[in-house]
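K.L.:
Okay, handing you the structure first.
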Amino acid sequence: MIPKGSNMVQIVRELQRKLYRSAKSNPKCSFYTLHDKIYRWDVLVCAWKQVCANQGAPGIDGTTIEQIKEQGEEEFLRQVQKELKEGTYRSKKTKRVEIPKPKGGIRILGVPTIKDRLVQTATRLIIEPIFEADFQECSFGFRPKRSAVHASLEIYKWLNYGLTQILDIDLKHYFDSIPHDKLMKVIQKRISDNFVLKLIKAWLRSGVLKSDGVIIREQGAPQGSPLSPLLSNIYLNLLDKVWTKRMTKRNGWNAQIVRYADDLVVLSDKSVEKVLEKLQEYLQRLDLTINAEKSRITTAESGFNFLGYAFKRGYSPRYQKLVTHMYPTPDAIKRIIRKVTQLTYRSRLHEPVEIIVKDLKASLLGWTEYYRHTASARRFRKVQQHANRCLRRFIMKKKGSRKNGYKELPDERLYKIHKLVNVGVSRVQYRWA
């Protein structure tokens, strides 16, 4: 039985802090002995808990997390530990899965087996603090204690500082375009453990299993693996470094970059044509290209969207000056309204009202936490009113009534009796524990 206490988590975190401090204190330090840390029992246990929390589909072998738990978690972890310790571990091919994108097209994921997911997570726990010490402040995607909320606040800050000329950039097929040789050279500057380097190289080159055969990758970091977000940040950190060094105030430029994975915004106080030329030059050195269809040059006065947030500078009669407005995009509001509607479909009439309210609360609070720092009271009220209307209609249908339920179920009754969360009035109160 895997222990449920938090003692192992604290021990692993302390190990990560030591690795981070060592890497931070010596930017040119290379780590030679990491292999033994990956198969440490406490590291494997923490990695396994993360794999279980993330759930996910099985890989090509069809083994699920539930099956491993039934057969014995400790026995499974001991076997993986033995393979890593003796050097007999071998990664398997990934399963190809196609996920539709919200705005059209498909995203291709490579789903590793549960065992590969475990070893990759354990490896990430060990090497992430080392590279985290090198990452720049302008990067916010897939990093500890950083999120899209922090990225939006950074953009808001630079807009208020007068950087109103905007480059909204999307990289073309970034995750599929990362050259393996250049990525490995960057990794080798920090890691000299041959076993770990061979592991990473094997995962990068692992074949994708399709119905008509196997595809062997020559470039790209497979989306869907626990290690790919870190690898993508390691490679794009080259851009972050050169940009921070050459394109900020210290060299006469004032063009700040805010990056979340492969989505980035450049904010400047001058015309951005020259800035775009420099950006294309740096990306060309990395063998990356800009997606012209999804990228554009604009201004803060015209407005732009980033990570589901809309930004726009406009005159405020209240303050009698130009101010920055940040609020959820129309598409973000449509998505949460669609989600609320789906949670109260007629097909769920056989379920208790308490389950419906619980699902509504989770969706509303998740959406609220993402946008709670924006000036969007009117938009939050709109979402809340739609949730009230959907729940009210659901309850009346469950009772077999054709009435709209406004008299029988006013908003106050939904909040007090049925415990529906009210994010339209006091969204600041609601935070995740």
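K.L.:
How many nm separate the modelled label positions at residue 10 and residue 28, each set 7 Å beyond the Cα in the direction of the Cβ?
P.N.:
Going from the residue 10 label point to the residue 28 one covers 3.9 nm.
K.L.:
Additional query: Lys/Arg Cβ at +1, Asp/Glu Cβ at -1, dipole of the stretch 297-433 taken about the Cα centre: which of 320, 298, 341 is farthest positive-ward?
P.N.:
Working it through, the farthest residue towards the positive pole turns out to be 341.
K.L.:
Moving on. Taking only protein heavy atoms and a 1.4 Å probe, what accessible area per residue, in Å², does the chain have with all protein chains in place?
P.N.:
Here the per-residue accessible area is 53 Å².
K.L.:
Moving on to the next point. Students often forget the sequence filter, so: which lysines lie under 16 Å Cα-Cα from residue 321 once same-chain residues fewer than 8 apart are removed?
P.N.:
Correct list for residue 321: 312.
K.L.:
Please give every one of the lysines within straight-line cross-link reach of residue 189, meaning a C-alpha to C-alpha distance under 24 Å, and leave out same-chain neighbours fewer than 8 residues apart.
P.N.:
Correct list for residue 189: 18, 24, 28, 37, 198, 201, 241, 245.
K.L.:
Would you kindly state how much longer the chain becomes between residue 354 and residue 197 on full extension, computed as 0.36 nm times their sequence separation minus their alpha carbon distance, in nm to one decimal?
P.N.:
Using 0.36 nm per residue and subtracting the Cα-Cα distance, I get 51.5 nm.
K.L.:
Which of the three applies to the stretch 256-350, rounded, prolate or oblate, going by the alpha-carbon gyration tensor with a ≥ b ≥ c and a/c under 1.5 meaning rounded?
P.N.:
It is oblate, given that a/c is not under 1.5 and a/b is not larger than b/c.
K.L.:
State the label only: which of (1) 135, 19, 16; (2) 39, 33, 20; (3) 35, 25, 19 corresponds to semi-axes √(5λ) of the Cα gyration tensor in Å computed from the shown model?
P.N.:
Recomputing semi-axes √(5λ) of the Cα gyration tensor in Å here picks out (2).
K.L.:
Sort 24-34, 253-263 by the packing proxy (mean of other Cβ within 10 Å over each peptide's residues), most packed first.
P.N.:
253-263, 24-34
K.L.:
Given the DSSP H assignment, sum -39500 (n - 2.57) over each helix run of at least 4 residues in the chain and divide by its residue total; what's the result at 222 nm in deg cm²/dmol, nearest 500?
P.N.:
Theoretical 222 nm ellipticity from helices: -15500 deg cm²/dmol.
K.L.:
Another question about this same structure. Would you mind working out the magnitude of the charge dipole of the chain relative to its Cα centre, with +1 at each Lys and Arg C-beta and -1 at each Asp and Glu C-beta, to the nearest 20 Debye?
P.N.:
In debye, rounded to 20, the chain gives about 1640.
K.L.:
If you don't mind, another one. How would the stretch 42-124 be classified by its alpha-carbon gyration tensor: rounded, prolate or oblate, with rounded meaning a/c under 1.5 and the a/b versus b/c comparison settling the rest?
P.N.:
Prolate is the answer for the stretch 42-124, as a/c is 1.5 or above and a/b outweighs b/c.
K.L.:
Expressed in nm to one decimal, what extension gain is obtained for the pair residue 170 and residue 106 from 0.36 nm per residue of sequence separation less their Cα-Cα distance?
P.N.:
Using 0.36 nm per residue and subtracting the Cα-Cα distance, I get 21.4 nm.
K.L.:
Beyond a 31 Å Cα-Cα separation, which of these cross-linked pairs lie in this structure: 49/416; 92/182; 334/419?
P.N.:
Checking Cα-Cα distances, 49/416 exceed 31 Å.
K.L.:
Please state the charge dipole magnitude for the stretch 1-120, taken about the Cα centre, from unit charges on C-beta atoms (+1 on K and R, -1 on D and E), reported in debye and rounded to the nearest 20.
P.N.:
720
K.L.:
For the stretch 324-400, with all protein chains present and a 1.4 Å probe, just round the carbon and sulfur fraction of the accessible area to a whole percent.
P.N.:
52
K.L.:
Between residue 184 and residue 331, what's the calculated FRET efficiency when r is the beta-carbon distance and R0 is 56 Å? Round to 0.05.
P.N.:
Step by step, r from the Cβ atoms, then E = 0.90.
K.L.:
7 Å from Cα along Cα→Cβ at both residue 73 and residue 320: what's the point-to-point distance in nm?
P.N.:
Between residue 73 and residue 320, the simple spin-label model gives 6.4 nm.
K.L.:
Which peptide among 159-169, 282-292 comes first, and what is the full order, when sorted by highest mean count of other Cβ atoms within 10 Å?
P.N.:
Packing proxy ranking, top to bottom: 159-169, 282-292.
K.L.:
Using per-residue counts of other Cβ atoms within 10 Å, averaged over each peptide, order 147-158, 106-117, 191-202 from highest down.
P.N.:
106-117, 147-158, 191-202
The values are calculated or read from the model by the stated rules, or taken from the named source; none is laboratory data. Bear in mind the structure is a predicted one, so any value in this text is a computation, not a measurement. Here Cβ is always computed from backbone atoms with ideal geometry, including for glycine, and neighbour counts include all displayed protein chains. In case anyone asks, the SASA skips ligands and DNA or RNA and just uses the protein heavy atoms, side chains included. Shrake-Rupley method; radii C 1.70, N 1.55, O 1.52, S 1.80 Å.
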